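The next block holds one structure in the form of structure tokens; read it before the comments.
The values are calculated or read from the model by the stated rules, or taken from the named source; none is laboratory data. Values in this document were obtained by computation on a predicted structure and should not be read as measured data. FYI the Cβ positions are ideal-geometry reconstructions off the backbone, even for glycines, and counts take in every protein chain you see.
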């Protein structure tokens, strides 16, 4: 049983509920629903910050390149980027494949949802500022270099499904002990876990809020693991994070996003 | 052909499109859709103000009561009320019938969507501050008296479907010449037209902005005509405003709102 | 020592601080300031709901009138109204006196700041949904009757100073035991206390959320006590609520609001 | 005479006015004020996007480096970054100099304020989507390399003064013919003009909206010219853009930002 907050499409109210049966049932106002009966809207309200190079494996892969020009040494601080609101999308909404592109790259990330204004937070207080956890698919076009600010690849309309819900912070005992699994058409393409971080969550929150304020409703991604899978038109993508849930989206040609059928949940 | 703005459920972008074939087809980005294929979200972003007693017929009906205590004369200025955001709902979203209630009252209203900050606007400039028109169903529980501020009856969750879209202001030559028709289960229950106003649109905008500022995205209802129809559980309600569109919603017990089927559009 | 949240003019960050010395000093990020050195912005972000007829004295005064037409009995539920955002103003911002008016009426109210989505809250859980307390001056033009929805009198631009800050909920042991005092030009004109409520805070929250959802950031006023003082051009108005603070504003002709000097705090 | 929109501190209303006498006088509601009498708040409401490498001079300076690793060729599309809302600040608000830093770098930019949802806009229609122009000081800590996403240097609290106002789009005949001038303590430190762009405004808007949607209220910077001046504690910085106005801010130690005097406008 997991307590969550969420928003349903067409309703202005943020609702509370309790998940059970492996995320397949939800109880809202003492009434039980199949999760698949409900249409979840994006549950977040603030700015979404991604974090680069925070998975150890990704870091090791890029280390040779980082010791080369122009940097000649690895970064000393978390490197952040922003997914603007035109990218925000929902559980079951299609991911638009742009005309002329073959594939998109899937970025499976645990999102920390900020609960109160956070400035210069000490690592030991970090969890006081996190109100919950969600799943974010930080979609991008395949990028050849991690250097150049990649807004054109990462900030396209619909390139950031979020949800389906926010799991309350107190529900997860150890957020560094969660398996992350990406499936494409039901086949597991990537596995990692949230313990593989260079900066664990408390240090990440502390280092980021050292130089910038996070506000209630903002989301900070802990990073995206190495070896991101690719997905092509028609593929059904599912990101599962243990204890948090599953976020499912189908890749659809950009001309078809408004009328694509709600995908049957075969990825589960 | 009518140019409109709208928001689709699950998408953060406000979109533009062109309606044709009696509101049954819409062209977006040069591609044509059946309107029924799309799921429209609430298209408005600001505060929604209702106007009491602006239809001549409603005013005549209440005149005897108004000359009685406690007022003893009719109001000299527009009387406004606010539908707060917990009431906002969408085309095809169910209207929740509260436990213990038999019926809801349908309030068919043309909404003026404000296009820029409006303070002390002269009547002759009023249309410069209106960017478009939408349909609002100002639902309430049946009210015995128009006097007492009726938040409990009018401000319930889901009691204000809006949409499906905003028709651009330039598309409607004479907004005082539009038929308003409410159908319940396909049968016309109320007919009126927007010419029956005590304060026509320019005067209404001028008198309201004389004492309060309207912001871009706010919506001002021109009023609700007399003889509001009632609807009970299971009823399919449709408000049609000529040149603007049709707003359809089914009345559902409040415990069933999250899982009611999208109603087939039989009211048309 | 009282922990508060607030916003300063020109800064986007909501800040935390600790008040001491009878609200005259504040410590922010380990640095101490005189409260008068700082320019406080409006600390709230949601919808502001007022409550009519919740002070016992006000109720007694109006009872004869309520037993008369058109109601013939007192209201059975809390009667709410909304102050729209055009009314929102700040500590030390001038209150505009409209051309042609002699006086404004001061409405001293304790505001309950909502901390999370509140639907059908039980009275015994009400404080879990309140994140803090603030002071609201619900200004209006003098109103002869409490019946007619009074937007024209109550919803004028600048007619709702709020602040200076939000006192954290845990800081106040008994919110029904606070003296409320309104001074005009340093002279006490009205005294009451928050224990005089018909519906105490838990019942009020419960009855309101029975029929409508309150969202985080919304503010619910507990009511305005009877015998509201009047203030004329040039008057310095101060509302003091014990343990919460003081909210000071000068009444200024509406043509002078943008350039009025920040009033010296002589009302204290 | 220039028509502008702006927001004053402490007021919720966006106002309109007319500037005259070299930006020293402003007429609001038929009343004239000295600009220095008013306290301007940040006039924008959406996301702020910066553009890298859009001034020809900056591009020429970096060309040798760009032909080196890791890119080996100049970028083919506009490179964008985002200034998040924690950075937003106002005319006359202090710029915080972080502890341990000697100087900040001044980024003088013309901001295009978006007037309606902009997706895949053609260059010839670009001005239809711009509602006005403002001045942005894109402050950063000095950056040694333009490659690494520079959120830590550019996204610090208070590092983005904006304003004082938005000049209506129709007021400026040729936005590519405006002198930009940065003064520090009254001495001109940088001069450039808006004609020196690699991508002129219509092409920039077209190329950006090709891959992402801009919303009403968003701001897109046209770029920052080469040879950005530095400023140290106590310096008074003024950015002047011809026909648009002057944006003035003093650099202050980060511990002093809340109580710094409003700087006398000696930079003019």
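Considering A:63, A:15, the condition of being modelled with pLDDT under 90 and closer than 28 Å to residue A:214 by Cα is satisfied by A:15 alone. Looking across region D:200-217 at every residue that is at pLDDT 95 or above and within 16 Å of residue D:50 (Cβ to Cβ), the one that is farthest from the other protein chains (Cβ to nearest Cβ) is identified as D:201.
Condition check for residue D:187 on (1) away from chain A (no Cβ under 13 Å); (2) touching a strand residue (DSSP E or B) at 6+ places or on another chain (Cβ under 7 Å); (3) farther than 22 Å from residue D:88 by Cβ: one failure, at (2).
Out of D:234, D:195, D:186, I need the residue that is without any contact (Cβ under 8 Å) to a residue 40 or more places away in the chain and farther than 30 Å from residue C:31 by Cβ. Which one? Let's see the steps before the verdict.
Numbers: D:234 fails: farther than 30 Å from residue C:31 by Cβ; D:186 fails: without any contact (Cβ under 8 Å) to a residue 40 or more places away in the chain.
Matching residue, one of D:234, D:195, D:186: D:195.
Would you check if residue D:72 is over 25 Å from residue D:152 (Cα atoms), more than 14 Å from chain C (Cβ to nearest Cβ) and at pLDDT below 85?
On the way: over 25 Å from residue D:152 (Cα atoms): yes; more than 14 Å from chain C (Cβ to nearest Cβ): yes; at pLDDT below 85: yes.
For residue D:72, the condition - over 25 Å from residue D:152 (Cα atoms), more than 14 Å from chain C (Cβ to nearest Cβ) and at pLDDT below 85 - is met.
The one condition from (1) crowded, with 24+ Cβ neighbours inside 10 Å; (2) within 12 Å of another protein chain (Cβ to nearest Cβ); (3) in contact with a helix residue (DSSP H, G or I) (Cβ under 8 Å, 6 or more places away or on another chain) that residue C:161 does not meet is (3). Does residue C:111 qualify as being modelled with pLDDT of 85 or more, buried (at least 23 other Cβ atoms within 10 Å of the Cβ), assigned to a loop (DSSP other than H, G, I, E, B) and within 14 Å of the chain's Cα centre (by Cα)? Taking the combined requirement at face value, the residue does not satisfy it.
Does residue D:5 qualify as being under 18 Å from residue C:13 (Cα atoms) and touching a strand residue (DSSP E or B) at 6+ places or on another chain (Cβ under 6 Å)?
On the way: under 18 Å from residue C:13 (Cα atoms): no; touching a strand residue (DSSP E or B) at 6+ places or on another chain (Cβ under 6 Å): yes.
Criteria not met by residue D:5.
Which of the strands (runs of 3 or more DSSP E) found entirely inside region B:169-223 contain at least 3 residues meeting this: surrounded by 19 or more Cβ atoms within 10 Å (Cβ to Cβ)?
Hits in region B:169-223: B:179-184, B:219-221.
Just the residues that are more than 28 Å from residue B:82 (Cβ to Cβ) and modelled with pLDDT of 85 or more, please, taken from region C:31-60. Of everything in region C:31-60, those that are more than 28 Å from residue B:82 (Cβ to Cβ) and modelled with pLDDT of 85 or more turn out to be C:31, C:32, C:33, C:34, C:35, C:36, C:37, C:38, C:39. Residue check: residue A:193 meets all listed conditions (1) farther than 21 Å from residue A:83 by Cβ; (2) modelled with pLDDT of 95 or more; (3) under 14 Å from the mean Cα position of the chain (by Cα) but one, namely (2). Regarding region B:114-125, can at least one residue be identified that is under 21 Å from residue B:39 (Cα atoms) and surrounded by 23 or more Cβ atoms within 10 Å (Cβ to Cβ)? No, every residue in region B:114-125 fails to be under 21 Å from residue B:39 (Cα atoms) and surrounded by 23 or more Cβ atoms within 10 Å (Cβ to Cβ). Quick check on region D:132-147: of everything there that is touching a helix residue (DSSP H, G or I) at 6+ places or on another chain (Cβ under 7 Å) and surrounded by fewer than 20 Cβ atoms within 10 Å (Cβ to Cβ), which residue is modelled with the lowest pLDDT? The extreme case among them is D:146. Taking region C:1-43 as the range and being within 11 Å of chain D (Cβ to nearest Cβ) and assigned to a loop (DSSP other than H, G, I, E, B) as the test, the residues that pass are C:9, C:10, C:11, C:12, C:13, C:29, C:30, C:38, C:39, C:42.
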